[in-house]
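Notes to accompany the following structure.
Readers should treat all values here as calculations from the given coordinates under stated rules, not as data from a laboratory. What you see is a predicted model, and the numbers here were worked out from it, not measured in a lab. With ideal geometry, Cβ positions are generated from the backbone for all residues, glycine too; neighbour counts draw on all protein chains shown.
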Ligand SMILES: [Mg+2]
């Protein structure tokens, strides 16, 4: 999973903040060239490290891990608000560096982007609780929390049940509805799309691309892309980039979820060699991903789709 996140992030980064027309033109002219991953992978790594080392998901541990990951290896892509938080000298200061009001209004996709590793918790209730907690320390708006829970559950569904990409939204819909009924209509429309209809997927942002400021739009896009292209990772990456806007976050999340189970024979893996391999680069990402899998070893699934123990 983490390698999928890093791959999507590193491939999408050079298209970030481009309109869909500019992203499409650049894609046609230059193709996809992975480089350095950004904030998305770094924060997902920070959560994965807590889990792989067997520590609990608590506000203090999350703050500590975000600070450690950033200080040891500052990456590009953080918003001004998050950068301000990351300049805190210690975890307690990090948690206090955003006011309750600022936090409750914050609905950017920055909490959802780091959520896929939380899907490794075997117990669904723990996935949801950890996702709510992880979002709440930085993004308190119901849309941001709902998107974070949904992304963590998508990952969980793929890891433990190999749920079809086309059914991912249907199987988690009720849990998201209980938490945030307002978001359901939007997500239902996106999940029912046959083609990437920009007006429906992006609303007022159709002339631009996926706005990092709106978790609701981000989630709708992820639902659509996975349902439509989840079985074809190369197409998935291309479509994520062609939507424009927050291309690295969209690509990181959809590839992280799509490649946690599936895509083994895809040519997408040819791109992995291109991910930079500095001290916290490709090999480090692989080692933490392996640590996560080792700790939460996915169950064996038999032909009847029943989960077997052991
Ligand atoms: Mg980024």
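Cα centroid separation, the range 60-102 to the range 123-191: 24 Å.
With the simple spin-label model, which puts each label point 7 Å out from Cα in the Cβ direction, the residue 21 to residue 204 separation comes to 2.1 nm. Working from Cα pairs under 8 Å separated by at least six residues, relative contact order for the range 2-298 is 31 percent.
What list do you get for 151, 241, 275 if you sort them by fewest beta carbons within 10 Å?
Ascending number of Cβ neighbours within 10 Å: 275, 241, 151.
The ranking of 70, 297 from fewest to most other beta carbons within 10 Å of each one's beta carbon is 297, 70. A convex hull fitted to the Cα coordinates of the range 2-298 yields 113 cubic angstrom per residue. Under 20 Å from a point placed 7 Å out from the Cα of residue 167 along the Cα-to-Cβ direction: which residues of the range 216-235 have their backbone N that close? Within reach of a label on residue 167, which here means backbone N under 20 Å from a point 7 Å along Cα→Cβ, the range 216-235 contributes 223-232. Ordering 86, 62 by the number of other Cβ atoms within 10 Å of each residue's own Cβ, fewest first, gives 86, 62.
Between residue 193 and residue 29, the contour length at 0.36 nm per residue exceeds the Cα-Cα span by 56.2 nm.
For the pair the range 211-236 and the range 260-280, the centres of their Cα atoms are 19 angstrom apart.
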